[in-house]
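So the structure is just underneath, and the comments pick up after that.
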Amino acid sequence: MHDEADSITPESKRSEQVVVETATHVVRGRVSLPTHGYRARFSDLLNRSDLDFLALTDVERTRCSDDSAPTRHSFLAVARGSVLFGYPDE
């Protein structure tokens with residue numbers, strides 16, 4: 001069976017700025033989501049049991065344990081199981 005949400009074309013997706021918090025880091029970046037319909041919300045991405053990692057682009061990663069400067073990454077994969085909080089960065 002073919003799942004339309006798994007075959008997103010460039011014309012049918014959008015980028016959303018989000019924050020993901022783990023026990024050790026605060027990660028700000030962009031996720032790719034469908035423009036509308038099934039799985040179009042960030043919470044849908046967080047709740048997908050078929051994904052082990054969240055793919056983020058244009059990332060700023062900050063450690064919670066010290067005052068070190070944030071690091072920048074063009075891509076970062078965050079283990080979905082390590083996410084404590086996730087929310088749109090408005």
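For the reader, a short list of remarks on this structure follows.
- Residue check, SER82 at pLDDT 95 or above, closer than 16 Å to SER15 by Cβ and out of contact with any Cys (no Cβ under 9 Å at 6 or more places or on another chain): no
- All positions within region 36-79 that are within 16 Å of GLU16 (Cβ to Cβ), charged (D, E, K, R) and either touching a helix residue (DSSP H, G or I) at 6+ places or on another chain (Cβ under 6 Å) or in a strand (DSSP E or B) (or both): ARG39, ASP58, GLU60
The values are calculated or read from the model by the stated rules, or taken from the named source; none is laboratory data. Everything numeric here is computed off the predicted structure, so don't read it as measured data. Virtual Cβ from ideal backbone geometry, glycine too; neighbours counted across all protein chains shown.
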